[in-house]
Amino acid sequence: MINAQRRSRVHLSASTTICVGVLACWIGAAVPGKSLVAQAQSPEQVAETATANLRKAERAPVFELDSSWPKQPLPNNWGLGIVWAVKVDPRDHIWVLHQTASPQYAEQIKKAGKVPAPAVLEFDQQGNLVQAWGVPGQGGWTQGKDRPFPAQAMGIDWKGNIWVTEEARGHAVLKFTRDGKFLLQIGEVDKTNGSNDTKLLGGPSGIDFDPAANEVYIADGYHVNQRVIVYDADTGAYKRHWGRYGLKPDDTFETGKQPMWMTPSPFLVGKTNNLGNYPRFAHGVNVSRDGLVYLADRSHSMIYVHRKDGTYVKEGQTPGPANSVAFSSDPEQYYLYAGGINASARMYILRRSDLQVLGSFKSDGQHHMGVDSKGNLFTCGLFMPQKFALKDTPRRSSAGVGNIR
């Protein structure tokens with residue numbers, strides 16, 4: 001099958017019954033009836049090839065990295081640990097949540113000759129640091145004296161309040177004003193009681209909101225619970241919850257260690273498909289303007305769509321893991337951006353109406369992302385947030401929007 005003089009190429013056809021490696025099998029399944037040539041590629045090229053094979057005729061928006069944002073160096077000789085969330089508030093300011101509690105991140109900052117910045121940072125559109133807060137013990141919530149400030153996920157509600165989840169898997173969600181005053185706690189530190197307890201959480205890892213109903217949605221499913229749960233955003237009163245397909249959560253679903261990527265996967269070329277206790281239903285939760293709830297199952301590279309009452313609508317698979325999604329800034333939120341910290345660090349662009357993958361681009365890190373009013377996308381960027389400026393949006397007909405409710 002491999003010509004001795006052209007060892008870098010593998011020729012396959014639709015009738016081939018023996019595949020050379022998982023990539024060949026995956027691409028062969030993605031594009032039936034076509035002869036394919038698989039060349040030696042970098043992991044990034046492999047990822048782009050795989051994504052291209054899922055596209056239809058419609059072009060995707062074009063983004064360009066703006067390396068001038070944010071402005072550096074940061075004040076006070078501050079350095080950042082791993083960035084877990086970047087969100088945009090109603091004023092188009094960009095908020096960053098990073099973690100320094102783990103020894104490797106603290107050591108990295110020290111080696112750079114810097115000191116750890118507070119966990120929460122606010123930047124303006126130009127990349128200037130506006131304020132920073134978030135230290136152990138801040139706000140008076142029931143964390144314990146020296147517990148690190150929560151730094152797993154972040155959401156910003158329609159009033160500009162900042163919501164974070166307890167970074168050490170402490171099972172709590174906290175609400176603060178934009179200047180760091182503690183307002184509300186949902187769940188209790190180090191206490192959990194399964195996916196059908198209405199007061200205790202179990203690994204909250206994503207936050208979003210429904211302003212019309214004054215509700216906060218929590219993806220309560222990092223590695224303990226397997227559900228989405230909804231509370232009143234002012235009082236923390238329980239409203240409802242559901243598990244996969246809108247059913248009662250089942251904590252026995254796929255217990256134990258699972259593969260990080262769906263197999264076969266182009267992201268495994270030259271890499272090991274590691275096992276671990278990864279999210280089994282909902283790592284991220286995001287609510288669209290038209291009342292649909294998007295749940296990112298990172299472990300299985302799936303996006304589930306529900307109505308706000310939990311009714312299951314549809315699902316779609318992404319080429320690689322997705323921690324969460326973000327919506328484009330146009331009124332109908334035509335595009336869906338999905339990202340996960342994966343082997344090739346890709347951001348996927350999907351058509352929201354049918355979850356069709358239209359394209360992707362390289363982004364060094366994604367966990368929880370944000371989009372400003374101009375359509376620019378802000379991602380985690382590993383140890384410094386990144387801005388991807390929207391450069392081109394293809395023309396499209398109104399018929400392509402599609403309401404999937």
Estimated dipole of the range 317-397 in Debye, rounded to 20 [Cβ of Lys and Arg +1, of Asp and Glu -1, Cα centre]: 160
Charge sum, other residues only, whose C-beta stays under 10 Å from residue 62's C-beta, Lys/Arg counted +1 and Asp/Glu -1: 0
At most 14 other Cβ within 10 Å, DSSP loop - chymotrypsin sites (Phe, Trp or Tyr not before Pro), the range 304-339: none
Long-range HN-HN contacts of residue 335 with modeled amide H, under 5 Å: 328, 352
Solvent-accessible surface (1.4 angstrom probe) belonging to residue 311, in square angstrom, nearest 10: 60
Debye, to nearest 20: dipole size of the range 118-207, +1 on Lys, Arg Cβ, -1 on Asp, Glu Cβ: 180
Residue-normalised accessible area of the range 347-391, expressed per residue, 1.4 Å probe, Å²: 25
Area accessible to solvent at residue 300, 1.4 Å probe radius, in Å²: 40
Accessible surface of the range 56-141, 1.4 Å probe, proportion on carbon and sulfur as whole %: 52
For the range 365-392 and the range 183-227, distance of Cα centres in Å: 25
Radius, Kirkwood style, for the range 180-247 when every pair of distinct Cα atoms is counted (Å): 12.2
Cross-link reach list, aspartates and glutamates versus residue 391, counting only Cα pairs under 17 Å and skipping chain neighbours closer than eight places: 58, 64, 66, 330, 372
Whole-percent carbon and sulfur share, accessible surface of the range 291-356, 1.4 Å: 46
With DNA, RNA and ligands ignored, accessible area of residue 133 (1.4 Å probe; Å², nearest 10): 20
Flagged links, alpha-carbon separation over 23 Å, of 87/271; 71/387; 248/314; 271/387: 87/271; 271/387
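The values are calculated or read from the model by the stated rules, or taken from the named source; none is laboratory data. All values reported here derive from a predicted model rather than from experimental measurement. Cβ coordinates were reconstructed from backbone atoms using ideal geometry, including for glycine residues, and neighbour counts include every protein chain displayed. All accessible areas refer to the heavy atoms of the entire protein, side chains included, with ligands and DNA or RNA removed. Shrake-Rupley method; radii C 1.70, N 1.55, O 1.52, S 1.80 Å.
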